[in-house]
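Working notes for the structure below.
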Amino acid sequence: MDTILNLLSLLGSLALFLFGMKTMSEGLEKFAGDRLRAILAAMTKNRVMGVLTGFLVTTLIQSSSATTVMVVSFVNAGLMNLTQAIGVIMGANVGTTATAWLISVVGFKVNIAALTLPLLCVGMPLIFSSKSKRKSVGEFIFGFAFLFMGLGYLNVSAENLDIKTYVANMLATVADGGFLTILLFVLVGALVTMLVQASAATMAITMMLFSMNIPGFGFEQAAALAMGQNIGTTITAFMASLTANTQARRAALAHMFFNVFGVVVVLFIFYPFCDAVTWFVSKFPPTDNYNNYLLSTFHTAFNIFNTLLLIGFVKHIEMLVCRVLPMQENPENNENRLVFISGGLLSTAELSILQANKEIVVFGERCRRMLSFVPDTLTSKNNEEFEKAYGKLRHYEQITDNMEDEIGKYLGLVGEGRLSGESKNSISCMLREIGELESIGDSIFHLGRTISRLREYGEETFTEEQMTNINKALGIVDESLVAMVKVLSLPEEKKVNLKENIGIEDELNELRTRCTEKNVEAINNKEYSYRLGTYYIDFINECEKVGDYVMNVVQAVAKMRESI
C-alpha cells in the first residue's frame, strides 16, 4: 500500500511540476502576448536575429514547445516565412537550456517551502485583480511556485519510493551494452518526452536521478537522455501542425530535422564530446551540485553546437523540407476551406484571436469576390451562361455560411478559456463581424436570385437607365467592400476612421432614394411594367442592405480597436 501511495505521490509531483510550468508560461504569454508577436515579427529579418529572438522568447516563457507551436502558428497565419521560422526554432533550442540551469542552480538547493509559500502570498492578490495584466503576473508567480513545489515533492517522493534501487536494478541488465546502451537512453529520453510533451519535466527527472549517484547511471547515460529529449520535444509542434497548411507543416518538420540531425552528429563524436564538457567543467568547477552543473553544461553545449553547425544551412534545410512536403493545395479548391484556422487553438487566447481575425479578413475578401459574379448574371446571353454564374453565387453563399459557422465555433472554443476583458470584448465584436459578413453573402446571393426570378417571367429586361443605376449601385457596393477589407486588415494599433465608409454608405442611400422616386414616376408613365419596376427596386434595395451590413462590420471593428 505504501508503495502505491509513494508512486502516486511521485506522479502527482510530476503533475504539479507540469502544471506549474504551464501556468507560468501562460501567465507570461498573456502578459506579453502583443509584445511577443511584435518581437517575433520584427526581429526575424535575418537568421542570426531569428536565433536570438527564439532564444530570448523561450528563455522568457520557459518553454521551447510553446515557442515552436507559436512559430508554427505564425507560419500558418502568414506572419512569418519558413526561413524566419527555422532561425527562431534554432534559438528556441538554445533557450530551453535556461530551464535546466534554473533547476540546477535553484531547484534542488533551496528550501522549497520557504520559497513557494511567500510567493503564493504575493501572487494571491494579483490573481484576484480586476486588471488582466496584474492577473497574468499573478498566474506567472503561482506557476513559478508550483513548479518548484513540484520539484521538491518529486525529490521527496523519489526517496520514499527508493527509486534509486529500482533504477539501479533495471540498469544492471543494460549498463554493459556500451554504445548500444547510449542509443537506448536516447530512445528512452525521446519516448518519455513525447509522452509528457515537456522536455523540462524529463530534464528535471534526469537531473534528479543523476544527482542520486545511481550505479550504472553516470554522466554519459544522463547526457544520452538529455539528447533524446531534444527529439521528443518536436512532437508538440508536429501535432500542432497536423491540421495546418503546408508551410506550417514544413516548419514543424524543419524543427524535427534540425533536432534529429544534431543528435545524430553528436552521437558520432559522443565520447569525445562528453570528455570535452567534463574537461571544461573541471576547469570551472561549481562549489556544490556538481552533477547537475555538469549535465546542464552538456545540454547547453549540445544545443549551441547544433545551432552553430546548422545556422549556415538554413536555406538547405528549407529546400529539404520543401522537397519532402511539396505544395499540394489545388488553387481551385482554396476558396472552399479556411486559410488560417487549422482546427486547434493556439497557446494563448491572444494568438488564437489573431488567427481568427486573419480568417475574418479572408471572409471579407471572399464576399467581394462573390459580388464579382453578379454582373455575369445580368449580362448572360443564354440560360447556360446564367446558370453558370448563378451557380457560382449559390456556391459562395454556402461558403459564407460555412465560414461563419467554423469561425464562430473557433471563437466559442477560445471563449471557454481564461480571458482578459479586452479579449472577451474582441471575441464579442468578432462574432458580430462574422454575422454581418454572412448577411452580406446572403444579400449578394439575393441579387442573383432577383435576376433569376426576372428571367422566369419571359423576355422582359431592365431598361438602359435601370442598368446604368444598377451598375452604379454595384460599383458603390464593391467600393464599400474594398474599404471594409482595408479596415479589417488594419494593424491592431491603428484606430478606424469611419469617414470613408460613411461617405460610401451615404452615396448608396442617396442612389436608392433617387431610384425609388424615379421608379414610381416611370411606372405611372407606363415606361415599363410594374413587375419589372418591382424587381429593379428589389435589386437596388438589396445593394443598399449590403452597404448597411458593411457599415455594421466596420463599426464592430472600430469598437474592438477602441478597447485595445
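Calculate the FRET efficiency for ILE311 and ASP275 from the Cβ-Cβ distance with a Förster distance of 30 Å, rounded to the nearest 0.05.
Here the calculated transfer efficiency is 0.75.
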### Query
What share of all Cα pairs of the stretch 413-554, in percent, falls into each consecutive 5 Å distance bin?
2, 9, 17, 18, 16, 12, 9, 7, 5, 3, 2, 1, 0, 0
### Task
Working with all protein chains in place, sort THR468, THR67 by solvent-accessible area computed with a 1.4 Å probe, largest first.
THR468, THR67
### Task
For a quick protection proxy, order the peptides 519-526, 406-413 by their average other-Cβ count within 10 Å, most packed first.
406-413, 519-526
### Query
How big is the charge dipole of the stretch 393-491 about its Cα centre, in debye rounded to the nearest 20, if each Lys and Arg gets +1 on its Cβ and each Asp and Glu gets -1 on its Cβ?
340 debye
## Note on the structure
Stretched fully, the stretch from SER129 through ASP478 gains (0.36 nm per residue minus C-alpha distance, one decimal, in nm) 121.0 nm
### Message
Report, in listed order, any pair from LYS392/LYS518; LYS133/LYS424; LYS131/LYS559; LYS388/LYS526; LYS494/LYS545; LYS133/LYS486 with a Cα-Cα distance greater than 23 Å.
### Response
LYS392/LYS518; LYS388/LYS526; LYS494/LYS545; LYS133/LYS486
### Summary
Here the FRET efficiency for LYS495 versus VAL265, based on Cβ atoms and R0 = 45 Å and rounded to 0.05, is 0.30
### Message
Using 0.36 nm times the number of residues separating MET319 and SER452, minus their current alpha carbon distance, what extension gain do you get?
### Response
42.8 nm
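The values are calculated or read from the model by the stated rules, or taken from the named source; none is laboratory data. On a predicted model such as this, the values are computed, not experimentally measured, just so you know. When we count neighbours, we look across all protein chains shown, and the Cβ atoms used for this are built from the backbone with ideal geometry, even at glycine. Each accessible area value is taken on the protein alone, full model and side chains, heavy atoms only, with ligands, DNA and RNA left out. Shrake-Rupley method; radii C 1.70, N 1.55, O 1.52, S 1.80 Å.
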